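Asker: There's a structure below that I have some questions on.
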Amino acid sequence: MNWRRWVVGGVLAVLAVLAGLYQLSKARSFQVFGELYARVETQQKMVALTFDDGPSPANTPAVLELLARHQVKATFFMVGRNIEAHRELAARVAAEGHQLGNHSYSHTRLVFRSPSFVQEEISRTDALLREAGVRGEILFRAPFGKKLFVLPWLLAREHRKDILFDVVPDDHATQDAALITSRILEAARPGSIILLHDGWAAKPGTLEATDRILQSLKAQGYRFVTVSELLALGTNPAPDL
């Protein structure tokens, strides 16, 4: 019957649209509006080390001590509600010369959300970052790296960059330091943006892996810079991720 064909065809069309939206939401090399960076194109052996979801007393102080020992500056994409809970710690990260970025207020996926909801997530965290001592441009990183239309549009309207990553060792899922280390060392290349986490519960594997990769990549001639410093060095590469 024709109506059955129409129903089946309609269901398949809806599924195809949903599949396309899912792929778009997690794409690291494309978004419909504005500037998206997962890495930069450069011949210089430089990478940006980033930490998401903090600040957290369980991890951030130890990460800061480790970075100080290695004389490295990193970029911390902070969650607004965690800044509120640990204002002095956020201020310490800024005071020690690291870059602070916006990772939303509540760390909820900012897809299928109203413009007012998304704007509040951004603006509320921006204000907290300013209170922590951040000056100048504030980079944004979408929670879970997910975005569709509203978030990129709002960022583009304010001429703001959306920062993702091309080295993802999944330290939110494992604390096997050897595995985290190997995943980073296998994937890192000039211009890479490395994703690690300093938020929530203690992450001893992340800390140990960070120590290892700092030593190993430095031995290979790499220099660690903030995301803004990396962006100033290179260009957004053609999609190849």
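The values are calculated or read from the model by the stated rules, or taken from the named source; none is laboratory data. This structure is a prediction, so every number in the text was calculated from the model and none was measured. Cβ: placed from backbone, ideal geometry, glycine included. Neighbour counts: every protein chain shown. Quick note on the areas: whole protein, heavy atoms, side chains included, nothing else; ligands and nucleic acids left out. Shrake-Rupley method; radii C 1.70, N 1.55, O 1.52, S 1.80 Å.
Asker: Just checking, which of 17, 32 is more than 16 Å from residue 231 (Cβ to Cβ), open to solvent by 50 Å² or more (accessible area, probe 1.4 Å), part of a loop (DSSP other than H, G, I, E, B) and modelled with pLDDT under 95? First the steps, then the outcome.
Answerer: Values: 17 fails: part of a loop (DSSP other than H, G, I, E, B).
None of the other options fit; the residue is 32.
Asker: Report, ordered by the first and then the second residue, all pairs with beta carbons closer than 8 Å, sequence separation of six or more or different chains, a first member in the stretch 185-199 that is in contact (Cβ under 8 Å) with a residue 12 or more places away in the chain and surrounded by fewer than 24 Cβ atoms within 10 Å (Cβ to Cβ), and a second member that is in a helix (DSSP H, G or I) and not aromatic (Phe, Trp, Tyr).
Answerer: Short answer, once both residue conditions are applied: 185/213; 185/216; 185/217; 188/213; 188/217; 197/206; 199/82.
Asker: Here's a follow-up. Among the residues of the stretch 93-111, is any among the aliphatic types (A, V, I, L, M) and touching a residue at least 60 places away in the same chain (Cβ under 8 Å)?
Answerer: Within the stretch 93-111, one or more residues are among the aliphatic types (A, V, I, L, M) and touching a residue at least 60 places away in the same chain (Cβ under 8 Å).
Quick grid of which residues meet (1) assigned to a helix (DSSP H, G or I); (2) in contact with a Leu (Cβ under 6 Å, 6 or more places away or on another chain); (3) open to solvent by 20 Å² or more (accessible area, probe 1.4 Å):
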| site | (1), (2), (3) |
| --- | --- |
| 83 | yes, yes, no |
| 89 | yes, no, yes |
| 94 | yes, yes, yes |
| 97 | no, no, yes |
| 101 | no, yes, no |
| 106 | no, no, yes |
| 110 | no, yes, no |
| 120 | yes, no, yes |
| 125 | yes, no, no |
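For every residue, the table says whether it meets (1) within 30 Å of residue 214 (Cα to Cα); (2) of a type in the set (S, T, N, Q).
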{"site": "58", "(1), (2)": "yes, no"}
{"site": "73", "(1), (2)": "yes, no"}
{"site": "83", "(1), (2)": "yes, no"}
{"site": "97", "(1), (2)": "yes, no"}
{"site": "110", "(1), (2)": "no, no"}
{"site": "116", "(1), (2)": "no, yes"}
{"site": "121", "(1), (2)": "no, no"}
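Asker: Being crowded, with 16+ Cβ neighbours inside 10 Å, on the phi < 0 side of the Ramachandran plot, out of contact with any Phe, Trp or Tyr (no Cβ under 9 Å at 6 or more places or on another chain) and not basic (Lys, Arg) is the filter here, so list the residues in the stretch 134-158 that pass it.
Answerer: 134, 138, 142, 143
Asker: Moving to a separate point now. Across the stretch 138-181, which residue is modelled with the lowest pLDDT among those that are among the basic types (Lys, Arg) and touching a strand residue (DSSP E or B) at 6+ places or on another chain (Cβ under 8 Å)?
Answerer: 147
Asker: For the stretch 127-140: of the residues being in a loop (DSSP other than H, G, I, E, B) and among the aliphatic types (A, V, I, L, M), which is nearest to the chain's Cα centre (by Cα)?
Answerer: 139
Asker: Looking at this structure, is residue 161 open to solvent by 20 Å² or more (accessible area, probe 1.4 Å) and within 14 Å of residue 51 (Cα to Cα)?
Answerer: no
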